[in-house]
Amino acid sequence: MNRPTTPESVLLRGPDGAIEALIDTPADVRGIALVCHPHPLFGGANTNKITHTLARSFRELGYVAVRPNFRGVGKSEGGHEHGDAETEDMLSVISWAQSRWGSLPLALGGFSFGAFVQTRVAQRLAGGVTPAKRIVLVGTATGAVAGARSYTTETVPKDTLVIHGADDENVPLANVLEWAKPQDLPVIVVPGADHFFHGKLHLIRDIIARNWAPL
């Protein structure tokens, strides 16, 4: 078990300006994980509790977990672009991480809007040299959601781990099931969990640990 450590804070150069990121590093780095936070216009940041939980879970599996702030959050420059420019930013973060740690197995993790962006990142990587080996999505934004927003979420590999709260008030479970159905994609539903998994964050870690053995 890796002991908790203080995350490293870095400022990267993205396509249109600085990208701030936190990095959680295990004692023995065997993979790279990119972890994306919820919607930046609704308080989302790389310090979000679910984002932190995902990063910690990946670190315990041997991945160095990189948690960028999307445009306009913290020291990350630029404005919100509804996922388009954010996708390009995340691809640049992956390239930076690979230049630092090498071409290790790559994992993607995201919560809410961050999960939506990760489906786009995964699609872009799928035909390349280093596609994502593992993907975990929590509270995935898809379809019409709270705040009069709507998302057309990309398809993902069949071994993607999709976790959703039965009582999600922001992204109805029905939306995720409708997105998953044509993909024959299983969805792990957590009874009693709301969008932010209040009181149930430990279940996210447990689900990931049970489904993915360390590298």
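Taken together, the values in this text are just the output of simple stated rules run on the coordinates, not laboratory data. Quick caveat, the model's predicted, so the values are computed rather than measured. Because the Cβ atoms are built from the backbone with ideal geometry, glycine has one as well, and the counts that use them run over all protein chains shown.
Structure values in brief
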item	result
Strands (runs of 3 or more DSSP E) wholly inside region 1-115 containing at least 1 residues that are touching a residue at least 24 places away in the same chain (Cβ under 8 Å) and within 29 Å of residue 202 (Cα to Cα)	17-24, 31-36, 63-68, 106-111
Qualifying positions in region 103-128 - within 16 Å of residue 63 (Cβ to Cβ), surrounded by fewer than 21 Cβ atoms within 10 Å (Cβ to Cβ) and of a type outside the set (Gly, Ala, Ser)	104, 105, 125
Among (1) closer than 26 Å to residue 160 by Cα; (2) surrounded by fewer than 20 Cβ atoms within 10 Å (Cβ to Cβ) - the single one residue 86 does not satisfy	(2)
Where a residue in region 190-207 is over 13 Å from residue 54 (Cβ atoms) and its partner, wherever it lies, is aliphatic (A, V, I, L, M) and assigned to a loop (DSSP other than H, G, I, E, B), with Cβ under 6 Å and at least six apart	191/166; 200/193
